[in-house]
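Below is one structure, written out as structure tokens; comments come after it.
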Amino acid sequence: MKLKKYLSISYLLYFSFAVTFIFLAGVNGYLMFQKTIGFWQPTNVIVGTTPVLLSNNHDATTSFEHEELTVSIINSNSAQVVVYGNPLENSGAYIYHSFVIFIEKISFLFALFWGALLFKNLGDENYFDSKNTRYLFLIGWTLFLTSIFYEVLNFLPQPILDAQPFIEEGIVIFERYSTEYHMAIGLMSIVFGYVLKEATRIHEEQKLTV
Amino acid sequence: MPVIVNLDVMLAKRKMSLTELSEKVGVTMSNLSILKTGKAKAIRFSTLEAICEVLDCQPGDILEYREQ
């Protein structure tokens, strides 16, 4: 019977969330360590998603021709690119964007952690536990507030790396933080939290009805 | 709660134990304890009817409204 319990969907989700949490915590911890070390020991460090101002061959606000293809770039576009350079030359932009990325990673990690606890509780058949409501609210508000934080940031002027040595390859233009999924999942979690809160109250009342 | 359950008073009057009442009414001891200690949120008419029948009393003898 115990084996059946561990084969339930809730436990599958619990293990998935727990493994993902441990994996991402390790990866993000390593990346943060690498960024910190890179900042104090200026060598060639991958800066990542930090926006970079283009110059010379690639103008971010106009078009350019590549072989027979004409590429038009507008300010709101974004592109994936690997950027190398010395963070000390642009410490403001480097710290700012590292912090912003850190906020996203840490909020997602917390959501995973609470999700794992929630699914463990459900796997243990504690469906109407007040802790489940708390986990749903924590997940919901964390993701929702993170998405609001990012949406506000998108409207604010952001520091951009302007040192030419940073550009190694590709097209680098302004990065827009996209957190629509955070907002959708966050709002759904909050709504389900309220539903579960009411269900828990009814369940408690039913249990105390003689 | 302003509604007081006087089950222990009625049990004392009838010189009956909670275990005996539980057996006669068909309600578990834990549920009767919840009722006796005032932790219950609600009571079913069927339970009240059975208790009144066994204790030979009225619902008002078991439940009492007292202003806080």
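Here are some notes:
- Residues whose amide H falls under 5 Å from that of B:L63, counting only those 5 or more places apart or on a different chain, are B:N6, with hydrogens built in the peptide plane.
- In Hz, Karplus ³J(HN,Hα) per residue of the stretch B:9-17 (6.51, -1.76, 1.60; θ = phi - 60°; x = Gly, Pro): 5, 5, 5, 5, 4, 8, 6, 10, 8
- Figure note: B:T47, B:T28 ranked by solvent-accessible area, largest first, 1.4 Å probe, ligands and nucleic acids not counted: B:T28, B:T47.
- Shielding by partners - mean other protein chain Cβ count within 10 Å, residues of B:31-41: 3
- Residue mean of other protein chain beta carbons inside 10 Å, A:201-210: 5
- Chain B: angle of helix B:45-55 to the longest principal axis, Cα-based, in degrees nearest 10: 60
The values are calculated or read from the model by the stated rules, or taken from the named source; none is laboratory data. Keep in mind that this is a model prediction, so the values were computed, not measured. FYI the Cβ positions are ideal-geometry reconstructions off the backbone, even for glycines, and counts take in every protein chain you see. When the accessible area is computed, the model is the full protein with side chains, heavy atoms only, and any ligands, DNA or RNA have been set aside. Shrake-Rupley method; radii C 1.70, N 1.55, O 1.52, S 1.80 Å.
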